[in-house]
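**Student:** The following block contains the structure, expressed as structure tokens.
Just so it is clear, none of the values below were taken in a lab; they were calculated from the coordinates. This one's a predicted model, so the numbers in the text were calculated from it and none came from an experiment. Cβ placement follows ideal geometry from the backbone for every residue including glycine, while neighbour counts extend to all protein chains displayed.
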Amino acid sequence: MTIRHHLPARLIRAYAAGSLPKSFATVVAAHISLCDECRAQLAAEEFAAGAVLDSLPPLYEPGDERLREALLARLDGAPHLPDEAPPAPMGIFPGPVVQALGGRPPRWRRLGGGIRQEILARDARGSVRLLHIPPGTAVPEHSHSGLELTLVLAGSFGDATGHYGAGDVEVADEGLAHAPVAGPGAPCICLAATDAPLRFRPLIPRLLQPLMRI
Ligand SMILES: [Zn+2]
């Protein structure tokens, strides 16, 4: 697997800090499980964060139980750090995706135009889904109110920003309106996360949006 499109440093840093919404954290974890380069960068971020913590004066003096308990209570409310050991990959699905699937194969639902999806998780802070797009098929043109992260697991897709093959991740933000087209040959299977609903240009997809839940 030759990966050409990597995670931006700011996303790796936020992931290391445990501050990403779960939808994005799943995509970041999945890419990192496939990519030596981003995995090394994550290790560097974690090392740097550890060095900062080590350089701080102790937060409480040993023996001050009240302060210690207050500190532990605050840590309980902190965002959860990435899981240390996701399950083993299953075919094209990396461990973090297998975890999101609950260890079973995807249950595809039709979206129209031959596109199928399974929504893995969805809450007020965004959603993460698997998409199965037949070769040569276009996803209706859309822009974003937030951020969209797409990781290719099999096949490929292309849009105005470039060509994305297995392992590549595309980061599309508010500035980008795009109409990705799956490459020829094999279906494009990808993992996509958003933190806000997509905005479609053509009328029909906009009408279908509530039904498609995207
Ligand atoms: Zn990478």
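**Student:** Tell me the label-point distance for the pair Ala43, Arg4, using the 7 Å Cα-to-Cβ offset, in nm and rounded to one decimal.
**Tutor:** 2.7 nm
**Student:** Let me ask another. So how much slack lies between Arg107 and Ser19, counting 0.36 nm per residue of separation and subtracting their Cα-Cα distance, in nm?
**Tutor:** Working: separation 88, 0.36 × 88 = 31.68 nm, distance 2.94 nm.
Full extension of this stretch gives 28.7 nm more.
**Student:** While we're on this one: So between Asp36 and Ser145, what do we pick up on full extension, going 0.36 nm a residue minus the alpha carbon distance? Provide the component values of the computation, followed by the final result.
**Tutor:** On the way: separation 109, 0.36 × 109 = 39.24 nm, distance 3.12 nm.
Going from the current span to full extension adds 36.1 nm.
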